[in-house]
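Structure, as structure tokens:
The values are calculated or read from the model by the stated rules, or taken from the named source; none is laboratory data. All of these numbers come straight from a predicted model, not from anything done at the bench. Virtual Cβ from ideal backbone geometry, glycine too; neighbours counted across all protein chains shown.
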Amino acid sequence: MKPAPFEYLRATSVSEALEFLQHDDAKIIAGGQSLVPMMNFRLAQPERLVDINAIAELTEISEDGADIVIGSLVRHAEAMRSPLLARRLPVIAEAMRHVAHLAIRNRGTVGGSLVHADPSAEWPLLVALLNGEIIVEGPEERRYLAAEEFFIAPLVTDIGEDEILTAVRFPEPPSGAGMAFDEVARRAGDFAMAASGALVQVEGGVIRDLRVALGGVGDGPVRASALEEELTGKPVDAVSVADIAELACEGLEPMTDLHASAEYRLHLVPVLVGRVLETALARAAGGRA
Ligand SMILES: Cc1cc2nc3c(=O)[nH]c(=O)nc-3n(C[C@H](O)[C@H](O)[C@H](O)COP(=O)(O)OP(=O)(O)OC[C@H]3O[C@@H](n4cnc5c(N)ncnc54)[C@H](O)[C@@H]3O)c2cc1C
């Protein structure tokens, strides 16, 4: 199918894009990897498309003090290849390898993935895991949102129709932290049936900071807070990952869909959490993020 007719406007600055969005039925197009199929199937029929691909300021990956700032137009493939991210937040490249296929990774963007808000997508999980801050610019103000504020329901976020997601800011991870990401999908490149990321900081043999984030098992990315609370402050030698990984299922109510049943997703969670925790702990012990 072909999309319904639409007006096309190409913005060269954030302020121009915000101006173009002052219309009853306008939509931003970034990589087009989710929006164009939806338009072709007539699931989306915006009257006006605002193309943000020529806004150079949204394409950077940079350091701001100790923080890392990733512009919303950074492609999945660029994040995967970035030397800065490889050094500072290697878990991002580890996760990007699971996003779709090469052609889609070359076009799809960080901002598009976050606004599309598929509960199985890797970027939302990374924002939850790394305590990222989503930066949204509107006609009146700039807003800074944590994952739990931004993601409301599957494919629904807190962004307004007249706003642009400009960047995501990641604070410096705790010193010496090990990180890991893994997921299970039906075929390489498919959306995950379940996904998990872990971040662990160990000091003097004690787990000082632990974060476990999950994807594909809720309305958006979720943190396994019961597991985090149980392990934080525990001597690392006293922890049997196999025994505690089940705790990550506490409070989860995953969906059943064409790809997997809720039961199967609940089966995958402790398996994945066990794997990422083992890897993150080994990396922390080996002095590797
Ligand atoms: C076959 C296939 C497999 C895929 N597999 C995966 C996968 O495994 N994991 C995964 O994470 N993704 C997957 N994707 C989706 C892919 O990652 C998309 O790139 C991503 O979801 C959307 O990014 P985009 O830049 O293409 O956004 P677009 O398609 O251009 O836009 C998506 C939505 O976001 C809005 N938007 C885009 N940018 C902004 C912005 N800066 N500010 C405000 N609104 C904005 C648009 O208006 C639209 O509503 C897959 C896609 C396909 C087609």
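Residues considered: Leu73, Leu89, Leu84. Of these, the only one that is within 9 Å of the ligand (Cβ to nearest atom), assigned by TED's automatic domain parsing to the domain that holds Val156 and either in contact with a Cys (Cβ under 9 Å, 6 or more places away or on another chain) or of a type outside the set (S, T, N, Q) (or both) is Leu73. In the set Glu203, Glu230, Glu172, Glu250, only one residue is in contact (Cβ under 8 Å) with a residue 24 or more places away in the chain and either under 20 Å from the mean Cα position of the chain (by Cα) or surrounded by 15 or more Cβ atoms within 10 Å (Cβ to Cβ) (or both); that residue is Glu172.
Say we look at the range 137-150 and pick out the residues that are under 30 Å from Val200 (Cβ atoms) and either part of a strand (DSSP E or B) or of a type in the set (D, E, K, R) (or both); which of these is farthest from the ligand (Cβ to nearest atom)?
Here the answer is Glu148.
May I ask you to list the residues in the range 102-131 that are part of a loop (DSSP other than H, G, I, E, B) and either among the polar types (S, T, N, Q) or farther than 18 Å from Ala30 by Cβ (or both)? Across the range 102-131, the qualifying residues are Pro119, Ser120, Leu130, Asn131.
Quick check on Val236: is it hydrophobic (A, V, I, L, M, F, W, C), crowded, with 20+ Cβ neighbours inside 10 Å and in contact (Cβ under 8 Å) with a residue 40 or more places away in the chain? Give the derivation first.
Numbers: hydrophobic (A, V, I, L, M, F, W, C): yes; crowded, with 20+ Cβ neighbours inside 10 Å: no; in contact (Cβ under 8 Å) with a residue 40 or more places away in the chain: yes.
No; evaluated as a whole, the condition is false for this residue.
Only one residue in Ala192, Ala185, Ala153 is within 9 Å of the ligand (Cβ to nearest atom), touching a residue at least 12 places away in the same chain (Cβ under 8 Å) and surrounded by fewer than 22 Cβ atoms within 10 Å (Cβ to Cβ), so which one is that?
Matching residue, one of Ala192, Ala185, Ala153: Ala185.
Please verify whether Leu89 is over 17 Å from Thr59 (Cα atoms) and among the aliphatic types (A, V, I, L, M), treating the condition exactly as stated. Spelling it out, Leu89 is indeed over 17 Å from Thr59 (Cα atoms) and among the aliphatic types (A, V, I, L, M). Is it fair to say Val127 is in contact with a helix residue (DSSP H, G or I) (Cβ under 6 Å, 6 or more places away or on another chain), surrounded by fewer than 24 Cβ atoms within 10 Å (Cβ to Cβ), within 25 Å of Glu78 (Cα to Cα) and not hydroxyl-bearing (Ser, Thr, Tyr)? Here the answer is no, as Val127 does not meet what is asked. Scanning the range 207-226 for residues that are closer than 21 Å to Thr157 by Cα, hydrophobic (A, V, I, L, M, F, W, C) and in a strand (DSSP E or B) yields Ala213, Leu214, Val222. The set of residues in the range 95-114 that are within 30 Å of Glu16 (Cα to Cα) and either surrounded by fewer than 23 Cβ atoms within 10 Å (Cβ to Cβ) or touching a Gly at 6+ places or on another chain (Cβ under 9 Å) (or both) comprises Ala103, Ile104, Arg105, Asn106, Arg107, Gly108, Thr109, Val110, Gly111, Gly112, Ser113.
Yes/no matrix, rows are residues, columns are (1) outside the structural domain of Ala117 (by TED's automatic domain parsing); (2) touching a Gly at 6+ places or on another chain (Cβ under 7 Å); (3) at pLDDT 95 or above:
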| position | (1), (2), (3) |
| --- | --- |
| Val239 | yes, no, no |
| Leu252 | yes, yes, yes |
| Tyr264 | yes, no, yes |
| Val271 | yes, no, yes |
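For the range 198-240, how many residues meet the condition of being within 13 Å of Gly251 (Cα to Cα) and touching a strand residue (DSSP E or B) at 6+ places or on another chain (Cβ under 6 Å)? Residues meeting the conditions: 7.
Restricted to strands (runs of 3 or more DSSP E) entirely inside the range 1-58, those with at least 2 residues that are under 21 Å from Pro154 (Cα atoms) are 26-29. When Ile134 is tested against (1) within 12 Å of the ligand (Cβ to nearest atom); (2) touching a strand residue (DSSP E or B) at 6+ places or on another chain (Cβ under 8 Å); (3) not in a strand (DSSP E or B), exactly one condition is not met: (3). In the range 46-55, is there at least one residue being more than 12 Å from the ligand (Cβ to nearest atom) and closer than 28 Å to Leu126 by Cα? Scanning the range 46-55, I find at least one residue that is more than 12 Å from the ligand (Cβ to nearest atom) and closer than 28 Å to Leu126 by Cα, so the answer is yes.
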